[in-house]
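Here's the structure we're looking at; comments come further down.
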Amino acid sequence: MNSRNFILIILCVLALSGCSTTFIYNNLPWLADYWVDDYVDLDKQQSKQLKAEVEKLRRWHRSHALPQYRQLLIEIKTGISKPLDAQHLLEWRETSQMYWQDVVRQANDPILELAVSLSAQQKQEFVENVSKKISRQFREFEELSEQEVVEVRIEQMLSSYKNWLGKLSDKQVSLIKEAALATASTKDHRFEYKQRRLDALRNVFTQTVLDEFEFRAELTEIIVNTEQYKSDQFIALSAIDKHTHAALQARILATLSAKQQRHLIKELNKWIDDIDTIIEDGD
């Protein structure tokens, strides 16, 4: 589990610093084109096609996915007012991941449409740029000692909890540090997973014997069925990680002061209000 998240509610792509959630959401077609440009140069027709496909995805997400996230946030807001165990928090996480998989499956067709339109040169450019990014990230992590990795993890977790709860008590800080120290490092497994997916993508992009149906089918496997590229050890460590952090969340929730409770409710209400605004903007 990503330790930066206190209550894991994935709202698709709404996390650019300095920009409001509603601004990002309402400009997704343009932002998607801007992001893709970091990996491959699209011609005008492809860029137009990408924006149209992202706009269709956004309309679906606004009408279908956001109401689900809103309901889950309301359920969480109601639930945190009473004692919660780790299992309940895990169930919320599983629900949010299920909603995320819906988004991934819905996004599959737009990605396929763009991929089909790419030339051999564009496919090579895309793979090379993704490979460079993975290698750069790996080098940056390799420069950190295990102690530095733990320190970064602690800092990120403390920052996340402070964002959700405000000032933390000494006991809460101690609990967070304890959980951070108990979290196994999965950086090598994570990069291995990324490399396996990239290798699979490179293989699909370079095969000249695939017809369009086979190309779409194999690319869908890479996009949707991501677990197949994770090692058994990575999957096992991730499962332990989920339970470790769910237990931490339950312990932290049990120690909330009245002020922290109000702060958490306020933060959840901000997300709910943003979702309401986004949904209303689509009417």
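The values are calculated or read from the model by the stated rules, or taken from the named source; none is laboratory data. Because the structure is a prediction, the values reported are computed rather than measured. Positions of Cβ are generated from backbone atoms using ideal geometry, with glycine treated the same way; all protein chains shown enter the neighbour counts.
Results, tabulated for the structure shown:
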{"item": "Boolean, Q261 is within 15 Å of L84 (Cβ to Cβ), in contact (Cβ under 8 Å) with a residue 40 or more places away in the chain, in a helix (DSSP H, G or I) and not small (G, A, S)", "result": "yes"}
{"item": "Residue tally, condition of a type in the set (S, T, Y) and part of a helix (DSSP H, G or I), over the stretch 198-222", "result": "2"}
{"item": "Qualifying residue in the stretch 179-187 (condition: under 19 Å from the mean Cα position of the chain (by Cα), in a helix (DSSP H, G or I) and at pLDDT below 90)", "result": "yes"}
{"item": "Residue check for I154: loosely packed, with under 15 Cβ neighbours inside 10 Å, within 21 Å of the chain's Cα centre (by Cα) and either of a type in the set (A, V, I, L, M) or more than 30 Å from T244 (Cα to Cα) (or both)", "result": "no"}
{"item": "Scope the stretch 52-67; condition over 18 Å from N269 (Cβ atoms) and either of a type outside the set (G, A, S) or not in a helix (DSSP H, G or I) (or both); matching residues", "result": "E53, V54, E55, K56, L57, R58, R59, W60, H61, R62, H64"}
{"item": "The stretch 115-133, residues that are buried (at least 16 other Cβ atoms within 10 Å of the Cβ), assigned to a helix (DSSP H, G or I) and touching a helix residue (DSSP H, G or I) at 6+ places or on another chain (Cβ under 8 Å)", "result": "A115, K123, F126, V127, V130, S131"}
{"item": "Residue that is modelled with the highest pLDDT [pool: residues in the stretch 254-283 that are surrounded by fewer than 18 Cβ atoms within 10 Å (Cβ to Cβ) and over 17 Å from W164 (Cβ atoms)]", "result": "D276"}
{"item": "Residue in the stretch 187-195 that is touching a Lys or Arg at 6+ places or on another chain (Cβ under 7 Å), more than 17 Å from F234 (Cβ to Cβ) and surrounded by 17 or more Cβ atoms within 10 Å (Cβ to Cβ) present", "result": "no"}
{"item": "Criterion violated by R251 - all others in (1) in contact (Cβ under 8 Å) with a residue 12 or more places away in the chain; (2) exposed (fewer than 15 other Cβ atoms within 10 Å of the Cβ) satisfied", "result": "(2)"}
{"item": "Failed item in (1) surrounded by 13 or more Cβ atoms within 10 Å (Cβ to Cβ); (2) part of a loop (DSSP other than H, G, I, E, B); (3) at pLDDT below 85; (4) not acidic (D, E), with I24 passing the rest", "result": "(2)"}
{"item": "Some residue of the stretch 43-51 being in a helix (DSSP H, G or I), under 19 Å from L268 (Cα atoms) and at pLDDT 90 or above", "result": "no"}
{"item": "R93 being basic (K, R), touching a residue at least 12 places away in the same chain (Cβ under 8 Å), surrounded by 14 or more Cβ atoms within 10 Å (Cβ to Cβ) and in a helix (DSSP H, G or I)", "result": "yes"}
{"item": "Checklist (1) more than 26 Å from L237 (Cα to Cα); (2) touching a residue at least 60 places away in the same chain (Cβ under 8 Å); (3) buried (at least 16 other Cβ atoms within 10 Å of the Cβ) applied to Y161, failing item", "result": "(1)"}
